[in-house]
Amino acid sequence: GESPKAEDIAEEETIEINNLTEKYNLELTSQLPGFKQGISYLKFSENGKHLAIGYQTGGVRIYDMESNSYICELDIPKIKKFMDYDYDSNEVFFPITNIRWYTDSQVLYSSGDGNVKLCNIVDPDSTKRLRHQISN
């Protein structure tokens, strides 16, 4: 059949990847190595080389599409591990609510705690990646 248009898929109220592949007869060609946090936001860079993944527990990971590897972690919370995945139910997490690429190497993201951050993903020193922060 004919491939679906991105705007058709975007109009779906709730998208479940498994149902999407069946509905539009899509083939899964690759799968990213996963983490146990739920994903709240995804955004490709304009050049298509990087995928920013925002999590329900906060933080962003940057996946490099060419090397097929994660190249950067931003504000990933330290989650207490028990078996595969568990966390203290009293601990409060703020999901990533939006991600925008400012340039191909700088990503802007916001979280449920009201913070907006601009980070440089290519700085090898993780303590120097934050370029600007706006707090509510």
Yes/no for Asn19 being open to solvent by 40 Å² or more (accessible area, probe 1.4 Å) and at pLDDT 90 or above | no
Of the residues in the stretch 109-136, those that are of a type in the set (Lys, Arg) and more than 15 Å from the chain's Cα centre (by Cα) come to Lys128, Arg129, Arg131
Could you check how many residues of the stretch 92-114 are more than 16 Å from Phe44 (Cα to Cα) and either open to solvent by 30 Å² or more (accessible area, probe 1.4 Å) or hydrophobic (A, V, I, L, M, F, W, C) (or both)?
-> 6
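The values are calculated or read from the model by the stated rules, or taken from the named source; none is laboratory data. Note that the coordinates shown come from a computational prediction; the quantities given were computed from them, not determined experimentally. The accessibility values were calculated without ligands, DNA or RNA, using every heavy atom of the protein model including side chains. Shrake-Rupley method; radii C 1.70, N 1.55, O 1.52, S 1.80 Å.
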